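Scroll down for the structure; my scribbles are underneath it.
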């Protein structure tokens, strides 16, 4: 055997083949876990990822630079051992592309840190460790405003990515006055909402508001639905006025669907069946329906988010169990030129292979199984075609002007000589006045 291997090694053809294979393996290893500047989970055993303002559930991951608020990143690792998880923070521009700032220009403290002291699950059939991280903390603080990405990785190896999450830090240097109403244009009256707002620049020096200021409006903080090319219709006396009846109109879509899985002993809202098999719970949801052509129904939702809860125990971070949840959307035939996805915070606000539904011709329905932690969930079905950059909830959810939505208004400034986008203003406006106080920071 040794002589045979030696002969192969001295064979030029074999050596070229070996080097090509070796180069391919190296290339695959280096780029198999490409950093994605978005909310993304790279490992299947990482579940229940949330990022919000600490002590404020169902909040968006945005805090003021000078405030005492902290952001909380939490997630579960469904394994039987504690891992060495580290993290780094990356500064981005308004378009979520990495900025030109170096780490010491946007951070104080240490640039690489560990996530310590995970808690083991208790009274659950699925074993996991629960990890929590507060930002800023004693190890790292923010020096500038803008968009940020936190990346978590394993064993001090940045190629062993675990997850990434977006968040923002605002300077709050200007005032934003905003309101919503039914769309003015006749073609949008039954389907769209109009968001009008005025940016009061206060004492902020802005040389050219058309080039120095960038405004982004994001419905329910779903960045696939963001409008990023808004321009003021009027500029007068330190006020930038955005009231374009076309550009400021947004599809209202529909209220999010829901289910209540806070108990795995009793059937609750939208749960059809619960059973236990092979050391894990299975939860079958009631069949959903196609909402495209249905009239609007006012149902309270939490705009695609979820909360972790266990009705039987108080320490839900470690006492809430996991279950395989079965989604079913009956349709006479599959959609063409794209796929359907279960979408919301429960799927990290992404459309990928893990939450892509499969069509059964036998059952005439789309189906998907997701492993989820006990709690109360919102979700919707969206149609997507990544090659054509199509993202559309309307195909299954419909769209109505009455729908309750949050609109997040981000105002960025890059003046002459600046090398990054400062987030100088931020505002949340709700499409229903009676809900606005819930979301105002």
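Determine whether the stretch 211-219 contains at least one residue that is farther than 21 Å from residue 301 by Cα, free of Cβ contacts under 8 Å to residues at least 40 places away in the same chain and touching a strand residue (DSSP E or B) at 6+ places or on another chain (Cβ under 8 Å). Let's see the steps before the verdict.
Here is the first cut: in the stretch 211-219, the ones farther than 21 Å from residue 301 by Cα are 211-216.
So of that shortlist, the ones also free of Cβ contacts under 8 Å to residues at least 40 places away in the same chain come out as 211.
Cutting the leftovers down to touching a strand residue (DSSP E or B) at 6+ places or on another chain (Cβ under 8 Å) gives us none.
The answer is no; no qualifying residue exists.
Residue 83 - would you say it is outside any strand (DSSP E or B) and either modelled with pLDDT under 95 or surrounded by 13 or more Cβ atoms within 10 Å (Cβ to Cβ) (or both)? Give the steps one after another, and end with the answer.
On the way: outside any strand (DSSP E or B): yes; either modelled with pLDDT under 95 or surrounded by 13 or more Cβ atoms within 10 Å (Cβ to Cβ) (or both): yes.
Judged against the criteria, residue 83 is a match.
Report yes if some residue within the stretch 87-96 is over 18 Å from residue 38 (Cα atoms), under 24 Å from the mean Cα position of the chain (by Cα) and assigned to a loop (DSSP other than H, G, I, E, B); otherwise report no. Before the answer, list the steps.
Within the stretch 87-96, the subset over 18 Å from residue 38 (Cα atoms) is none.
Within the stretch 87-96 (the criterion being over 18 Å from residue 38 (Cα atoms), under 24 Å from the mean Cα position of the chain (by Cα) and assigned to a loop (DSSP other than H, G, I, E, B)), the answer is no, since none of the residues qualifies.
Quick test for you: out of 381, 361, pick the one residue that is out of contact with any helix residue (DSSP H, G or I) (no Cβ under 6 Å at 6 or more places or on another chain), at pLDDT 95 or above and farther than 30 Å from residue 119 by Cβ.
On the way: 381 fails: out of contact with any helix residue (DSSP H, G or I) (no Cβ under 6 Å at 6 or more places or on another chain).
Going through 381, 361 in turn, the sole match is 361.
Mind checking which strands (runs of 3 or more DSSP E) fall wholly inside the stretch 359-416 and carry at least 3 residues that are under 22 Å from residue 259 (Cα atoms) and in contact with a strand residue (DSSP E or B) (Cβ under 9 Å, 6 or more places away or on another chain)?
Values: elements: 365-373, 375-385, 390-392, 406-413.
Of the strands (runs of 3 or more DSSP E) lying wholly inside the stretch 359-416, those with at least 3 residues that are under 22 Å from residue 259 (Cα atoms) and in contact with a strand residue (DSSP E or B) (Cβ under 9 Å, 6 or more places away or on another chain) span 365-373, 375-385.
Within the stretch 119-128, identify whether any single residue is crowded, with 18+ Cβ neighbours inside 10 Å and in a strand (DSSP E or B), and answer yes or no.
No.
From the set of residues in the stretch 309-350 that are buried (at least 22 other Cβ atoms within 10 Å of the Cβ) and in contact with a helix residue (DSSP H, G or I) (Cβ under 8 Å, 6 or more places away or on another chain), which is nearest to residue 252 (Cα to Cα)?
By that ranking, first place goes to 343.
Taking interchain pairs and intrachain pairs at least six residues apart, which have beta carbon atoms under 8 angstrom, with the first residue in the stretch 372-390 and farther than 16 Å from residue 47 by Cα and the second surrounded by fewer than 14 Cβ atoms within 10 Å (Cβ to Cβ) and at pLDDT below 95?
385/337; 388/337
From 287, 298, 303, 310, which residue is within 26 Å of the chain's Cα centre (by Cα) and at positive phi? Reasoning before the result, please.
On the way: 287 fails: at positive phi; 298 fails: at positive phi; 310 fails: at positive phi.
One residue alone meets the criteria, 303.
Picking from 413, 368, which residue would you name as being surrounded by fewer than 21 Cβ atoms within 10 Å (Cβ to Cβ) and touching a helix residue (DSSP H, G or I) at 6+ places or on another chain (Cβ under 7 Å)? Quick ask: steps written out before the conclusion?
Working: 413 fails: surrounded by fewer than 21 Cβ atoms within 10 Å (Cβ to Cβ).
One residue alone meets the criteria, 368.
Specify the residue that is surrounded by the most Cβ atoms within 10 Å (Cβ to Cβ); the eligible residues are those in the stretch 220-239 that are part of a loop (DSSP other than H, G, I, E, B) and free of Cβ contacts under 8 Å to residues at least 60 places away in the same chain.
Filtering the stretch 220-239 down to residues part of a loop (DSSP other than H, G, I, E, B) leaves 220-222, 226, 231-233, 237-238.
Add one more test, that the residue is free of Cβ contacts under 8 Å to residues at least 60 places away in the same chain, and what stays is 226, 231-233, 237-238.
Numbers: 226: 16, 231: 14, 232: 19, 233: 14, 237: 6, 238: 14.
Ranking the qualifying residues of the stretch 220-239, first place goes to 232.
Of these, 141, 159, which one is surrounded by fewer than 20 Cβ atoms within 10 Å (Cβ to Cβ), closer than 17 Å to residue 108 by Cβ and more than 19 Å from the chain's Cα centre (by Cα)?
Working: 159 fails: closer than 17 Å to residue 108 by Cβ.
The conditions single out 141.
Restrict the check to the stretch 412-426 and report whether at least one residue is within 26 Å of residue 230 (Cβ to Cβ) and free of Cβ contacts under 8 Å to residues at least 40 places away in the same chain.
Pass one, the stretch 412-426, residues within 26 Å of residue 230 (Cβ to Cβ): 412-426.
Still in the running and free of Cβ contacts under 8 Å to residues at least 40 places away in the same chain: 417-418.
Yes, the stretch 412-426 contains a residue that is within 26 Å of residue 230 (Cβ to Cβ) and free of Cβ contacts under 8 Å to residues at least 40 places away in the same chain.
All but one of (1) surrounded by 20 or more Cβ atoms within 10 Å (Cβ to Cβ); (2) outside the structural domain of residue 186 (by TED's automatic domain parsing); (3) assigned to a loop (DSSP other than H, G, I, E, B) hold for residue 283; state the number of the condition that does not hold.
(3)
Would you tally the residues in the stretch 159-176 being part of a strand (DSSP E or B) and either free of Cβ contacts under 8 Å to residues at least 24 places away in the same chain or closer than 27 Å to residue 224 by Cβ (or both)? Walk me through it before giving the result.
Filtering the stretch 159-176 for residues part of a strand (DSSP E or B) gives 159-170, 175-176.
Next, only the ones that are either free of Cβ contacts under 8 Å to residues at least 24 places away in the same chain or closer than 27 Å to residue 224 by Cβ (or both) stay: 161-170, 176.
The number of residues fulfilling the criteria is 11.
So how many residues does the stretch 246-280 have that are assigned by TED's automatic domain parsing to the domain that holds residue 300, free of Cβ contacts under 8 Å to residues at least 60 places away in the same chain and crowded, with 17+ Cβ neighbours inside 10 Å?
The total comes to 2.
The values are calculated or read from the model by the stated rules, or taken from the named source; none is laboratory data. Remember, predicted model here, so these are calculated numbers, not experimental data. FYI the Cβ positions are ideal-geometry reconstructions off the backbone, even for glycines, and counts take in every protein chain you see.
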